[in-house]
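In what follows, a structure is listed as structure tokens, so that the remarks can point back to it.
The values are calculated or read from the model by the stated rules, or taken from the named source; none is laboratory data. Source: prediction; values computed, not measured. Here Cβ is always computed from backbone atoms with ideal geometry, including for glycine, and neighbour counts include all displayed protein chains. Note: accessible area is taken over every heavy atom of the protein model, side chains too, but ligands, DNA and RNA are not part of it. Shrake-Rupley method; radii C 1.70, N 1.55, O 1.52, S 1.80 Å.
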Amino acid sequence: MHIMGEVVKVNSSPSTPQPEIKPSPPVISPPPFQHHSPSLARSPLLDTIPKSPFVGRIMTPLASPMKKAFSTMQGYLEEVGHLTRLNPQEAWLPITESRNGNAYYAAFHTLSSGIGVQALVLPLAFVYLGGWTWGIISLSLAFVWQLYTLWLLVLLHESLPGTRYSRYLQLSMAAFGEKKGKLLVLFPTMYLSGGTCVTLIMIGGETMKILFYQIACGPQSCNVNPLTTVEWYLVFTCSAVVLAQLPNLNSIAGVSLIGAITAIAYCTIVWVVSVVKGRPMGISYGSPPLEVNSDVARLCTALNGLGIIAFTFRGHNLVLEIQGTMPSSVKHPSRLQMWKGVKFSYLIIAMCLFPLAIGGYWAYGSLIPTNGGMQTALYKYHRNDTSKVILVLTSLLVVINCLTSFQIYGMPVFDNLESRYTANMNKPCPQWLRTGFRVFFGSLAFFISVALPFLPSLAGLIGGIALPVTAAYPCFMWMMIKKPAKYSGMWCLNLVLGCLGMVLSVMLVFGAAWSIVALGIEAHFFKPQSLYRDIWPMSMSPRIH
């Protein structure tokens, strides 16, 4: 039996009762199912359990029932084989504070983290890749590839007996070593979480502005002084920080469900309306927004398209965290429920992303805006022939989805901040400090969104930097921890995919950097510019500027 990292061997052999041995009082031990209870991780109760439940031979009228109970216990322990090590600090942190998750919670969280506003720029990747053929092939291969590496992470969550890796960083340090694991993973995962939250503030704030000043009340009917772009960023950030006071990852399952529903809804509405309303004049296919006159230029443009696709398939930095919220035993390992939730959620994700990319590219072709993607295209080409209700609903769904996505992407940052405190102080983080950490992160994200308003234009670059987290590291971690036989099928597959992922990451970063230099970027520090300034010109609506 495995308790608190120690191995306890339990043996039972029938023997003739010895009258000369005085009976000892039976030791009270928790039932087998309670060994996995999350509440046990909150106290040193397991430290008080004796090394062996058999402290002598019992000569009482209850001897036979007690022997039968102990035999049943022994059989259970032999069947289970081991218990997961319980670290008291795990019960103090937001990700593992509650371990009562299930397949439904996993599906909600995976959907909320796996689909969002980043999907709206997918048709632009088709433009950069030169048309239908390479666009569809690249999107399909990327989907299968990232689903495979996600499966590896689900299996690696409990790859060693008695140990659960409930954070991507923990698994990386177990595979590559403490120093190298932190060096490889800490920055990309925190960059994904923090950078995504910054982008959500920008998009959510801008959409609030459009919703209330351009769609809901019209350009001339609002008789109030308009808020500036920075003020709308602040409104969104305050709303997100208030919602972020929910204590742990399991407590936001309902929030993730709302986020998943809203993402599915606005992705569907956008591509359906775009296809039904028809294509604008002057549409063309396969023409990138820059005249490419060299092989290097064409290659870098295609790489930028791959970077956009890689940025769309995000969320691997949250998979282990989501699985860490589930109870687990050898008979009922968490990977079974987790994989059920993942399969369902990625079926829904595929049903959203592929029609959005294909339908959006058919509807707009090379006319797809680089800022905002499908959402901007809907406003730009169909705001006059589309129902106001649909435009209001779409904007409202985007705002709600940004608020809910902020929660799940901010949770690893909250967990990391609190882990520093609990490790140093060896006690739970007080409520006032937990609130302070979340307000601090929201304030920092707001500051970056104001200081670097051009960050959404770097989708290809972000995708290239984050690609190893999704496509390469899981393959290498499988090889380091599972140690498949050399030259076996799994060994060759993971080696090839891991190396290819690293090469692609370097190439994507290079291609994105070249595109930024060639196409140019409006780097207005501390001067946020509206994403929709080309939709409502200054002469039509002076409120947006």
For the range 102-183, diffusion coefficient by Stokes-Einstein and Kirkwood Rh (Cα), 37 °C, 0.692 mPa s, µm²/s: 212 µm²/s
Full-extension gain in nm, Met281 to Trp132, via 0.36 nm per residue minus C-alpha separation: 51.7 nm
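Which of rounded, prolate, oblate describes the range 243-383, given a ≥ b ≥ c as roots of the alpha-carbon gyration tensor eigenvalues and a/c under 1.5 marking rounded, otherwise prolate only if a/b is larger than b/c?
prolate
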Percent accessible area from carbon and sulfur atoms, the range 381-497, protein chains only, probe 1.4 Å: 70 percent
Inter-label distance for Met190 and Ser140, nm, one decimal - labels placed 7 Å from Cα along Cα-to-Cβ: 4.1 nm
Sequence of Arg167, Arg99 from largest to smallest accessible area, 1.4 Å probe: Arg99, Arg167
For the range 480-485, Karplus couplings with θ = phi - 60° (6.51, -1.76, 1.60), whole Hz, Gly/Pro x: 6, 8, 7, 6, x, 4
Residue order for Glu178, Glu321 - accessible surface, 1.4 angstrom probe, largest first: Glu178, Glu321
Label point 7 Å beyond Cα of Trp491 along Cβ direction - residues of the range 462-477 with amide nitrogen under 17 Å: 475-477
Added length on full extension, which subtracts the Cα-Cα distance from 0.36 nm per residue, Lys483 to Leu155: 116.7 nm
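Please say if the range 318-438 is rounded, prolate or oblate, where rounded means a/c under 1.5 for a ≥ b ≥ c the square roots of the C-alpha gyration tensor eigenvalues, and otherwise the choice is prolate for a/b larger than b/c and oblate otherwise?
Numbers: a/c = 3.29, a/b = 1.75, b/c = 1.88.
Oblate.
Are there trypsin sites (Lys or Arg not before Pro) in the range 319-355 that DSSP puts in a loop and that have at most 11 other Cβ atoms within 10 Å, and which ones?
Counting only loop positions with at most 11 other Cβ atoms within 10 Å, the trypsin sites (Lys or Arg not before Pro) in the range 319-355 are Lys331.
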Ser294-Val506 pseudo-label distance in nm [points 7 Å out on the Cα-to-Cβ vector]: 2.1 nm
Estimated FRET transfer efficiency (Glu231, Lys331; beta-carbon r; R0 51 Å; 0.05): 0.40
Cα extents of the range 384-505 along the three principal axes, largest first (Å): 59, 56, 26
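With every protein chain kept in the model, how would you rank Asp385, Asp415 by accessible area, 1.4 Å probe, largest at the top?
Final ranking, largest accessible area leading: Asp385, Asp415.
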In order through the range 276-285: 3J(HN,Hα) via Karplus (6.51 cos²θ - 1.76 cosθ + 1.60), integer Hz, x for Gly, Pro: 5, 6, x, 8, x, 5, x, 6, 8, 10
Approximate spin-label separation Leu393-Tyr148, in nm, with each point projected 7 Å along Cα-to-Cβ: 4.0 nm
In Å², nearest 10: area of Cys499 left accessible to a 1.4 Å probe: 60 Å²
Asn100-Arg383 FRET efficiency (beta carbon distance; Förster radius 60 Å; 0.05 resolution): 0.85
